[in-house]
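Values quoted throughout were computed directly from the atomic coordinates according to the rules given, and no laboratory measurement underlies them. Predicted, not measured: the structure shown is a model, and the values here were computed from it. So basically every Cβ, Gly included, is an ideal-geometry build from the backbone, and we count neighbours across all protein chains shown.
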């Protein structure tokens, strides 16, 4: 199963999970809104909160990647809160289904029929007592009314039995509530899992693109050494001023750069200029790709002493154009 298939499956399941979770939350908030007198408003609020819950994990990952720790922690708290609300809504909606299953059982319906019969008898007795009272038959009316308390007692007894009644030995009757809790929890965890899978796919795609662009950059540089020589010529005077004050130039992996600063520059100016800068270019680039140094002038200069700003900017610009780096404030950061 390749990344494209996983990505398509992840998107489809993410949409289905979000739709189901939003439906359960909206239904729960709608029932609350009916008691408050504004069901549409509460249903809209539930839909908005559930959609926000699906998006907050992406916000957390983005803020954390930008090193905004406090904001990412606040987003995490918000995401957990929204997940708790969605979990409660899912549990209530699933519990209503369990209750409906119990109410559809044969025993439940039998008791319900008995209760309705007793209630009908109570209504008939009250109507009869009223007619007797209208006919001035006070004694008969009182005798008729005295039969009602016994019927009410039967109704209360049957109602108690009905509330304690199970729908039988089915799985739903025994484990319905537990299943509803597990299902609601799984629904919330699925939302987080799909976000993590999507992020992993994006990271894997970026890694493949990065390896391809690095090889491409290496090939371009190997056939175009003249650009590096021009860069060295433009920055030679600045480099000479810096090394004259320090009296020592340390360059990586090249014998041309000796402790004698002036002779080093003069030597590299002629036959070995392209070789020196090309080797430094690849050393700086490899160090940045290995994340041994930060992609900035200060970070590169901390390891490669005396390297010109022009060469550093050249490396950073190439890495930016290949997509490995991105603009960040006034400099660059890893994409």
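Structure values in brief
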| item | result |
| --- | --- |
| Contour excess over end-to-end distance, with Cα ends at residue 48 and residue 125 and 0.36 nm allotted per residue | 22.4 nm |
| Quarter of the Cα convex hull surface for the stretch 106-163, i.e. its orientation-mean projected area (nm²) | 3.5 nm² |
| Relative exposure of 96, 79, judged by other C-beta atoms within 10 Å (fewest first) | 96, 79 |
| Projected label distance in nm at residue 78 and residue 133, using a 7 Å step from Cα toward the beta-carbon | 6.3 nm |
| Contour excess over end-to-end distance, with Cα ends at residue 163 and residue 55 and 0.36 nm allotted per residue | 34.8 nm |
| Ranked list, fewest to most other Cβ atoms within 10 Å of each Cβ, for 86, 31, 107 | 107, 31, 86 |
| Label-zone membership for the stretch 54-96, site residue 32, 7 angstrom Cα→C-beta point, backbone N under 17 Å | 54, 78-96 |
| Rounded FRET efficiency, nearest 0.05, which uses the C-beta distance separating residue 189 from residue 15 and R0 of 22 Å | 0.85 |
